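Participant: Have a look at this one before I ask anything.
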Amino acid sequence: MTTMKFAPNNAQISIRLLVAMLLASCTEVTATSVNVLGVNYTEKEFTYRLEDPGNPKNAAGGEMIDSFSAGGVHCCYELPKLWRLGIKVRILTTEWQELKPPQNSQTIKEIRNAFVAEVPSYVDGKPGDLWIVRSADGSFGVVSSSYQPDHPKWPGKVKGWPVPTVEYRRVLWDQRIEHEAGYVETYQSELADLNTDPIAKAKEEWRYRGKDLSRYDPAKSYKDPTWQSMKENYELLRRFSGPEDPGFVTWLKQHYEAALARAQARLKQVQDSRR
């Protein structure tokens, strides 16, 4: 029996092409994974998390962004390959407010907020890293960009990396001044104690420097900072017969005076640099 073969007609070819196109559209990748980053143009620290309002599993973030800083790179968040109106991102933030008694027994209040922002059009028509941006007025938004804030193509409203305000820099200066002043006060106190009762202070310092030497073996050598500190103390104490050795008391006074001079110099440098 002879099998008859028929060439497909135009209608059959069209149907096959239509089916092939439908199958291709079903398997076509419509989204791509991008990194998530944050940039903060305010003095208020915050943590963040980005979520897809339509798919909670599509989420990323979680780190803290310091004052006038940018965060690290986190993976991953899915964005549509083609930009369209209405691409939304839910922004979850946490920040902290310092309270002054007697308003509350706690000194820090945690504040959590949620915002929904729309992703502006992609730079160069392609999805880039998803950035959460906190503007100087405290508002939150997002942009998709493979370019950083200091690049000419950066799509954010503010161009460039965050720059601390003069007021904020003065707060940091004052904190540094207070920190360095603490060292000055410490060494002034150490010297006062030494002058009041040299032997008692020398014994206290001797005990402090010798407390870990039972674990020290001079035959061994390590680059660990703790081991190096033990080595220095071992080499120092073996030069004297004990805490009542006049040479150790003299060394201790010179040590405190030198440390005080360094602390005073650092304090003056920070005070002179304040603007």
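Participant: (1) 6, 22, 21, 21, 16, 11, 3, 0; (2) 5, 17, 17, 12, 10, 10, 10, 8, 5, 3, 2, 1, 0; (3) 5, 17, 16, 14, 16, 13, 8, 4, 2, 2, 1, 1, 0: which one is P(r) over Cα pairs in 10 Å bins from 0, in percent as calculated from this entry?
Facilitator: Of the listed options (1) 6, 22, 21, 21, 16, 11, 3, 0; (2) 5, 17, 17, 12, 10, 10, 10, 8, 5, 3, 2, 1, 0; (3) 5, 17, 16, 14, 16, 13, 8, 4, 2, 2, 1, 1, 0, (3) comes from this structure.
Participant: Which order results if Ile87, Ile132, Ile177 are arranged by neighbouring Cβ count within 10 Å, fewest first?
Facilitator: Ile177, Ile87, Ile132
Participant: Using the Karplus curve 6.51 cos²θ - 1.76 cosθ + 1.60 with θ = phi - 60°, work out ³J(HN,Hα) for each residue of region 62-71 in order, rounded to whole Hz, and write x for Gly and Pro.
Facilitator: x, 8, 8, 10, 6, 4, 6, 9, 10, x
Participant: A further question on this structure: Between region 135-192 and region 45-61, what is the C-alpha centre distance in whole Å?
Facilitator: If we compute the Cα centre of each part, the gap is 26 Å.
Participant: Within region 190-236, how many Lys pairs that are eight or more residues apart, or on different chains, come under 27 Å at the alpha-carbon?
Facilitator: So the count works out to 9.
Participant: Evaluate 2.2 N^0.38 Å with N set to the residue count of region 31-162, then give the Cα radius of gyration divided by it.
Facilitator: Rounded to two decimals, the normalised Rg is 1.10.
Participant: For region 167-273, what is the convex hull volume of the alpha-carbon atoms per residue, in Å³?
Facilitator: Per-residue hull volume (Cα only) is 123 Å³.
Participant: Normalised by the number of residues in the chain, what is the relative contact order in percent for Cα pairs under 8 Å and 6+ residues apart?
Facilitator: 14 percent
Participant: Can you list the lysines whose alpha carbon is less than 25 Å from that of Lys109, not counting same-chain residues fewer than 8 positions off?
Facilitator: Cα-Cα hits under 25 Å: Lys44, Lys100.
Participant: Under 10 Å, Cα contacts only: if you run a Gaussian network model on the chain, which one of Glu185, Glu204, Glu45 comes out with the highest mean-square fluctuation?
Facilitator: Glu204
Rule-based calculations on the coordinates, nothing more; no lab input. Keep in mind the model is a prediction, meaning the values are calculated, not measured. Backbone-built Cβ (ideal geometry, glycine too); neighbour counts: all protein chains shown.
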